[in-house]
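Input: a single structure, listed below in structure tokens.
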Amino acid sequence: MIALGAMASVCLFLVTAYFVILFVIGIGAVMLPIVTKAVRWLCNASRRTAGRSGVPVAVPYRPEPKEFEKDIVGWIRRCKWILTDPASWRDLLWLLLNSVVGMIGFLPAAILYYVLEGLALAGGLWRPVLQARGSGREYFFVPVQGSPSALLAAVAAVALFFAWMWVSPPILKAHAYFTRFLLGPTERAVLATRVRHLAETRSGALDAAAAELRRIERDLHDGAQARLVSLGMTLGAVERHLDSNSDEARRLLLDARASSVSALRELRDLVRGIHPPVLAERGLADALRALGLASPLQVEVTVDIPGQPAPPLESAVYFSVSELLTNALKYSGADHVEVAAWHDDGVLHTRVTDDGRGGADASKGTGLHGIRRRLATFDGTLDISSPPGGPTVIKMEIPCVLSSPKTSSS
């Protein structure tokens, strides 16, 4: 792969440099975006190869503008976006240097070829070679022209194979570090990406907070407020009938008491939707277990959190798991759900697995997308694995530091 990348680097560097020069003089704008796609494809392939060698390389390109005009002006804007991205020039430098550095990839390939040649000679290829040439084929300076020398070639090939296994990983890793040095994001690019991420999550958090305030206002207006207004009107009617019709006044008082109970229940439900009492009183572990007990599904909850996350983070995890259990009940046709939460290496992990029909996709609905936005506020991630037929495995990870454990009241 490295050797093929080196050969491709030579071609793409020459082609890209050619069209960049033509663009400078005004006639290379047509081909530059097309060539850039090929360059970035090769660079991304090298990043993936480096990642498989244990050296992850992030993609540093600036985000592409949402829309370009479908005319020459839009094409020129696309070229400007490419040429003003520092990562494009680093790609070009990598192509130039990789055409030389990447040649080290031929060394493992050549060693492996020589190993296979030795095994082939030892396996009997020496006979037709001896008949055709009149002398044996040399392998490690030993002419292979009989069974003893063939056995010696086999031993040498096996020894060389073990040498290949010992030499190849360091070569691949060295090339991976070279790739990360040139194709990885710079500190400035990392900072710009971080600022962009914070701006997006801040906007999402503000939108979510505004939507939550509208929901609270709507629930108060349509629920508890309406019942309290009705309660006031009922008490007014009681006052009018208190002297003239005591039976009617008693009936109205019973209605008023029922309305007050309903209003209190709705207020409690509203408060529970803002911050559940079980979460505030008993902590995240018991709150998740309470969600499992309240669900009609068979929910198995396993929690290993030796401490207490920050309250906003607890709420995010609680409501995310609640949403996932609701989705499993409504859409997946699941019978059994497993919820696991644990803290490891400064990250709070949560995994929800159901045995439903699968097919969950964050792009097809607002529920999973809303969970992803909620977690992004805390730099968290949401990973979805839901093949058709199931099972659905949804993993959430949020960086956090635990405080002292919350003492349970039970």
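The values are calculated or read from the model by the stated rules, or taken from the named source; none is laboratory data. Predicted model only: the values in this text are computed from it and were never measured. Note that we place each Cβ from the backbone using ideal geometry, even for glycine, and neighbour counts take in every protein chain shown. SASA here: full protein model, heavy atoms, side chains in, ligands and nucleic acids out. Shrake-Rupley method; radii C 1.70, N 1.55, O 1.52, S 1.80 Å.
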Long-range amide H partners of residue 57, meaning residues 5 or more apart or on another chain whose placed amide H is closer than 5 Å, are 51
Between the modelled labels at residue 335 and residue 298 (7 Å from Cα along Cα→Cβ) the distance in nm is 0.7 nm
Expressed in square angstrom to the nearest 10, the accessible area of residue 337 with a 1.4 Å probe stands at 0 Å²
Reported to the nearest 10 Å², residue 96 has, with a 1.4 Å probe, an accessible area equal to 80 Å²
With 0.36 nm assigned to each residue of separation and the Cα-Cα distance removed, residue 48 to residue 15 gains 9.5 nm
A chain fully extended from residue 97 to residue 159 at 0.36 nm per residue, minus the present Cα-Cα distance, gains in nm 19.0 nm
Quick calc: nm separation of the 7 Å Cα→Cβ label points for residue 310 and residue 107 -> 4.8 nm
Rounded to the nearest 0.05, FRET efficiency between residue 173 and residue 59 (Cβ-Cβ, R0 25 Å) equals 0.80
Per the rule of 0.36 nm per residue minus the C-alpha distance, extending residue 262 to residue 369 adds in nm 35.2 nm
